[in-house]
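Values in this text are rule-based calculations from the coordinates and carry no lab data. None of these values were measured; they are calculated from a predicted model. Quick reminder, even Gly has a Cβ in these numbers, built from the backbone with ideal geometry, and neighbours come from all protein chains shown.
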Amino acid sequence: MRVKLSTLGCRLNEAELAGWSRELEARGCRISGEGDAADLLVVNTCAVTAEAMRKSRKLLRRLQREYPRARLVVSGCAVSLKDSQLGELGIDLMVPNQDKDRLVSIAAETLALPLMPEAATEPGAAALFARGRQRAFVKIQDGCRYECSFCITTRARGEERSRPIAEICREINQLVADGIQEVVLTGVHAAGYGSDCGSSLSALLAAVLQDTDAVRVRLGSVEPWDVPERFWQLFDDARLMPHLHLPLQSGADSVLKRMARRCKTAAFARLVELARGVHPNFNITTDIIVGFPGETETEWAQTLAFVEQTGFGGLHIFSYSPRAGTRAAEMPDQVPTAVKRARSRELHALGQRLKRAWLERQVGSVQEVLIEGCESGQPAEAWLQIGYTPGYLLTRLATAGIDLSNQILPLRIDRVIDPEEADPMLEGQPVNYGPQ
C-alpha cells in the first residue's frame, strides 16, 4: 500500500509524521515521494493561526484533486477544534489529537486498510532519508497546562502528556540504527516534560545521553519557564547541541502580562546568561510577535532594545493576527496593519544585523558540521554543499565532486557570505585535525 504523508506547522507535527511513517513501513506500506502515486493520504494539520487553518484546508483540497482515488486521513490541531470547518471536505477519517499516537491502528481498523507486516522493509530503509533528512524529530510530550492569551494550542492539544523515557530511548536507538546523525527532542511544552509522571526534562536528557547512541542531540522550542535546575549541567556533554529556541514574544513586560506569559524579561535575560555561561557560542534564537493588541510605541521601543541587548542569533517574526477562540482576539486597541508592517520591517532589519554579528563571531573557529547535501538551486556539478554547526548555523562548503551528505565534518569557518535572495550564512572548508 502506497502512503503519502504531509504536514503543516510545528516540529512536533514533523515528529508525529515521522513516527507514523516508521509504523506504516513496519506494517508493509511504501512511503510515496513527491509526485509518486498514493493509495492513502495522511495529513497532520495546523491551526495555530487563522492563516494556518486556511493553508490546512487548501492543502487538503489540493491533495484530493491530485489523488482523487486515494483515501484521506486527517489529524492535527485543525481536527481538534470545533471551528475548523473540515466536514465539507469529504475526509474519510479524522483522528483528533488525543488519539493521534494510535492513528495508524485506528485507520487500519476503521478503513479496513490492507496492511501486511510480512511485506515490511528491513530497518535501514528509513523514510526519513527518502524525504531528504539527516536529522529526526522525536516527540517527547504533548499538550500544555498554560493558556497564553494569543494561543489556541491548549484547546487543540489538551493537557500535558509525557512519553515514557524508555520508549523515547528505544525510538532514538532505532533512528541511530537507521543512520540518523541528529535527533531533535520536541513537544508542545518541552520544559514541562514529566509534570504528569514525576519526571523532568533533565531526567529525560540524562537518560538519552546515557542510554542511547545518538551522535547529536538537540532540543526544539523550549518555553522560557519550568526549566529544571540540573538542565544546564547536561550541556557539559558535547553531544547535546549548544542551541536553544526560547520564545520571548515581546521585550516589554507590560505586553508579556497581557499575553499571560510566565516569564518576564529579567528572568529571560537570566536564562540567556546561564546558557552562555555553559558555552560562549551558545546560540539563542527566539520568536517575537509584532503588533500585539494595545502595543504602544513605548512598548515597541522596549522590545527593540531588549532584542538588541540580548543579541539573538536569529529571530522568527510573526505579525499578530486575531485567532478566534483566544482571549487576545477580543482585546481592545488592535494595532493597525500598516503599523504592524512597519514594525516588522524594523525588527527584521535589526534581526539581520544581529544574526550577521553572531555569524562573524564564528569566523576562524573549527566546528563540527552535519552535511545535508547540495545547496538548494545549485547545479550538482557545482558541489556546493550545506550543513549545520552545533549552534544550528547554516554553513556552506565547496567540495571536489564528493558527496558528503550525512557526514559530520570539522570545518574551519572562513567567512560570512550573503547568497542571492537568502539569509547570510557561514562558509568553511574541511580540515584534518586530531587530539592536540
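Taking label positions 7 Å along the Cα-Cβ direction at both Asn173 and Ala203, the computed distance is 2.0 nm, reported to one decimal.
First select every other residue whose beta carbon is under 10 angstrom from the beta carbon of Gly143; then total the charges, Lys and Arg +1, Asp and Glu -1. Let's see the in-between values first.
On the way: positive: Arg145, Arg157, Arg161; negative: Asp142, Glu159, Glu160, Asp196.
Its environment carries a net charge of -1.
Among the trypsin sites (Lys or Arg not before Pro) in the range 154-213, none sits in a DSSP loop with a Cβ that has at most 15 other Cβ atoms within 10 Å.
Modelled spin labels at Glu66 and Arg145, positioned 7 Å past Cα toward Cβ, are 4.2 nm from each other.
Given the chain, what percent of its DSSP beta bridges are antiparallel, to the nearest 5? Show your work: numbers first, answer last.
Working: 22 of 62 bridges.
Beta bridges within the chain, antiparallel portion: roughly 35 percent.
For the chain, the dipole from Cβ point charges (+1 on Lys and Arg, -1 on Asp and Glu) about the Cα centre works out to 920 debye, to the nearest 20. So which lysines pass the test for Lys55, namely a Cα distance under 16 Å, with those fewer than 8 places away in the same chain ruled out? Within the straight-line cut-off, Lys55 pairs with nothing. Isolated cysteines in the chain, defined as those with no second cysteine Cβ under 4.7 Å, comprise Cys10, Cys29, Cys46, Cys77, Cys144, Cys169, Cys197, Cys263, Cys374. The residues packed around Glu368, meaning those with a beta-carbon under 15 Å from its beta-carbon, carry a net charge of +2 if Lys and Arg are +1 and Asp and Glu are -1. The residue among Ser344, Val138, Phe306 whose Cα reaches farthest toward the positive pole of the charge dipole of the chain, with charges on the beta-carbon of Lys, Arg, Asp and Glu, is Ser344.
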